[in-house]
Amino acid sequence: MAQNYIHTLFTDAARDMQEQAGSRAAYARMEEGADGQPDLLGKKEAMFIAARDSFYIASVTADGWPYVQHRGGAAGFLRLFEGNRLAFADYRGNKQYVSTTNLQAEPRVSLFLMDYPNKRRLKIIGKAKIIELEDDPEMVTSLMNGDYKAVPERIYAIDVIGFEWNCPQHITPRFTETEIAQIVAPLTTELAHLRAEVAQLRTTKPDFAPEDGE
């Protein structure tokens, strides 16, 4: 458990309700050791982040409305840098600029990173800022994907304050076409070999009759 995540998000009102529900003692133990310093993302988190091809980011409008946006790209488009900083290139898109303008007024954000096949979820909170392309060309270069032809407009950089791994309950496994192809590849190969063997037997033994199901 990364203590600063829950220590930051648990308000006094939340703690009071936990007390009434009888869960406060357990959560108090989870908060032990929280000193206000950021939870440092480690090797486990870095590997998880590098494997993601999408995530959800929540921000707040100037009028106080929550806004959740889905961001996607090639696996690894969200990168962890030194200093507990996440960053990704913001490519030219629908030009609504809701998240971008939200961050100009309120930098606090929350991220959900999902691993549906393995029923894992990483929640992250931090403070985001916009970095213009000309202000950090080295970071821009490190975030570029040579196979992706869209034009980046800016960089989102998020200084992580806390994170938490969630339990797998109610996360329904979902698979991409690539993941499904990988799962069934051995069966597809075996089927191709069996069909080739049957075809060979039919050529060499005209009276060969395969079992039902062929």
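The values are calculated or read from the model by the stated rules, or taken from the named source; none is laboratory data. None of the values given here were measured: they were computed from a predicted structure. Here Cβ is always computed from backbone atoms with ideal geometry, including for glycine, and neighbour counts include all displayed protein chains. Heavy atoms of the whole protein, side chains included, go into the accessibility calculation; ligands, DNA and RNA do not. Shrake-Rupley method; radii C 1.70, N 1.55, O 1.52, S 1.80 Å.
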message: Quick check on my filter: what residues within the range 24-56 are within 17 Å of the chain's Cα centre (by Cα), assigned to a helix (DSSP H, G or I) and surrounded by 14 or more Cβ atoms within 10 Å (Cβ to Cβ)?
response: E45, F48, I49
field: Residues of the range 178-191 satisfying the condition of being more than 13 Å from Y116 (Cα to Cα) and not β-branched (V, I, T)
entry: A181, Q182, A185, P186, L187, E190, L191
query: From the list P137, P152, P168, which one is more than 17 Å from A89 (Cα to Cα) and under 28 Å from the mean Cα position of the chain (by Cα)?
result: P168
query: What are the residue pairs meeting all of these: first residue in the range 61-75, first residue in contact (Cβ under 8 Å) with a residue 40 or more places away in the chain, second residue outside any strand (DSSP E or B), Cβ atoms under 6 Å, and 6 or more apart or on different chains?
result: T61/N102; A62/A105; A74/N145
message: Checking K95 against (1) without any contact (Cβ under 8 Å) to a residue 40 or more places away in the chain; (2) outside any loop (DSSP other than H, G, I, E, B): exactly one of these is not met. Which one?
response: (2)
task: Scan the range 57-113 for residues that are of a type in the set (D, E, K, R), under 23 Å from K149 (Cα atoms), open to solvent by 50 Å² or more (accessible area, probe 1.4 Å) and within 19 Å of the chain's Cα centre (by Cα) and jot them down.
output: R79
- prompt: Which residue out of E153, E134 is open to solvent by 30 Å² or more (accessible area, probe 1.4 Å), touching a residue at least 24 places away in the same chain (Cβ under 8 Å), among the acidic types (D, E) and over 15 Å from F81 (Cβ atoms)?
  reply: E153
- prompt: Which one of these is assigned to a loop (DSSP other than H, G, I, E, B) and either open to solvent by 80 Å² or more (accessible area, probe 1.4 Å) or not aromatic (F, W, Y) (or both): T178, T172, T203, T189?
  reply: T172
